[in-house]
Amino acid sequence: MERTPYPTDLTDEQWNLVEPVLPDAKPGGRPRETDLREVVNALFYLVRTGCQWRMIPHEFPPWRTCYNYYRVWIDSGTWDEIVYLLRTEVRIQARRKDQPRVAAIDSQSVKTTEQGGEERGYDGGKKISGRKRHILVDSMGMLLAVLVTSAAVDDAAAAQDLMAMVDSEAFPRLRKIYADNKYHNYDLYQWLDDNVNYRLHIVRRPQDTQGFVCLPQRWVVERTFSWLGRSRRLYKDCEKLTKTSAAMVKIAMTHLMVRRLAADTPTEEFAYADKQAA
């Protein structure tokens, strides 16, 4: 790399985690000239800083090239495959089973921008006009599935579509999903009985409590929303399409996981200072 690196750029070790999953160039025609590492760096820069597509720095490939790869990788399921493989590596690195046994589900209502787009509505509970991000995470907070809907959609109704992405065959160890009281819905319970092997466990808020309360298991998914909030592209829903909105969440999670698997800078072992030297 001949340019000055940005803090969001992939290191060599991080790039080695992502590169094998990216699709090969189509056969025939001119050889590929675009550096895919720089395309991925540009996408991480865009999501983390919140800039517009046309304002991607000129050191990266042209913004239209980056956007085209971004859309192709959405349609081909590349981002889903990357998230799946990196999540497995994160769990193995933490000495966990490669597949989760428990998970947590929740939603986040966010405002949309003035450019419009599909699937917009009003969340009467949060008093927000925009969209909802519904996510399902494992016990470490790593993303299992994400669904973006209108903010007017009920959480329990959207949960069926979200949980359908996590079928029992792909996640044979999954037994329990923790949720808050919004998911206490008999239609949802019936759908779970008919379609999957895991069950929903409602973690209720203690009575007569005010303000923030750290509830068992549920705090994991809240922490994931906090991690995603570090990416400024996600402070609002800036996308016209819900599928591109979901892809932004997957890119933010991908960046988080590669940095967990391969740090940006080497870490030094902790040691107390030598008292005699002091």
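The values are calculated or read from the model by the stated rules, or taken from the named source; none is laboratory data. On a predicted model such as this, the values are computed, not experimentally measured, just so you know. No Cβ is skipped: glycine too gets one built from the backbone with ideal geometry, and neighbour counts run over all protein chains shown. Accessible surface areas use protein heavy atoms only, side chains included; no ligands, DNA or RNA. Shrake-Rupley method; radii C 1.70, N 1.55, O 1.52, S 1.80 Å.
Overview of results
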{"read-out": "Average silhouette area of region 1-75, convex hull of alpha-carbon atoms, in square nanometres", "value": "5.6"}
{"read-out": "Nearby aspartates and glutamates by direct alpha-carbon distance to Lys182 (threshold 12 angstrom, same-chain neighbours under 8 apart not counted)", "value": "Asp106, Asp154, Asp155"}
{"read-out": "Relative contact order for region 1-74, counting Cα pairs under 8 Å that sit 6 or more residues apart, in percent", "value": "30"}
{"read-out": "Accessible area (Å², per residue) of region 1-126, counting only protein heavy atoms and a probe of 1.4 Å", "value": "59"}
{"read-out": "Extension reserve of the Arg30-Tyr235 stretch, reckoned as 0.36 nm per residue once the Cα distance is removed", "value": "69.9 nm"}
{"read-out": "Scattering profile of region 170-257 at q = 0.25 Å⁻¹ [log10 I(q)/I(0), Debye over alpha-carbon scatterers]", "value": "-1.13"}
{"read-out": "Residue-count net charge about Arg3 - beta-carbon cut-off 13 Å; Lys, Arg +1, Asp, Glu -1", "value": "-4"}
{"read-out": "nm² value of the averaged projected area, convex hull over the Cα atoms of the chain", "value": "20.4"}
{"read-out": "Mean Kyte hydropathy of 1.6 or more with a Cα span along the axis of at least 15 Å, helices from DSSP in the chain", "value": "none"}
{"read-out": "The chain - percent relative contact order, Cα under 8 Å, separation 6 or more", "value": "22"}
{"read-out": "Top positive-direction residue, dipole computed over region 36-105 with Cβ charges, set Tyr84, Pro100, Tyr67", "value": "Pro100"}
{"read-out": "Counted charge near Tyr69, where neighbours are those whose Cβ lies closer than 14 Å (Asp, Glu -1; Lys, Arg +1)", "value": "-1"}
{"read-out": "Interchain or long-range residues, amide H under 5 Å from Ile128's placed H", "value": "Asp123"}
{"read-out": "Length released on extending from Thr113 to Gln190, taking residue separation times 0.36 nm less the Cα-Cα span", "value": "24.1 nm"}
{"read-out": "Surrounding net charge for Ala247, when Lys and Arg each add one and Asp and Glu each subtract one, Cβ distance under 9 Å", "value": "+2"}
{"read-out": "Additional length obtainable on full extension of the chain from Gln52 to Thr65, 0.36 nm per residue less Cα span", "value": "3.3 nm"}
{"read-out": "Accessible carbon and sulfur surface of region 116-267 relative to its total accessible area, %, 1.4 Å", "value": "47"}
{"read-out": "Which listed pairs, of Lys26/Lys236; Lys111/Lys240; Lys26/Lys240, have C-alpha distances above 24 Å, in listed order", "value": "Lys26/Lys236; Lys26/Lys240"}
{"read-out": "Dipole moment magnitude, nearest 20 debye, the chain about Cα centre, only Lys, Arg, Asp, Glu C-beta charged", "value": "620"}
{"read-out": "Normalised contact order of region 69-149, rounded percent, pairs of Cα under 8 Å and 6 or more residues apart", "value": "25"}
{"read-out": "Alpha-carbon spread of region 1-147, three principal axes, descending order, Å", "value": "52, 45, 34"}
{"read-out": "Cross-link reach list, lysines versus Lys176, counting only Cα pairs under 17 Å and skipping chain neighbours closer than eight places", "value": "Lys97"}
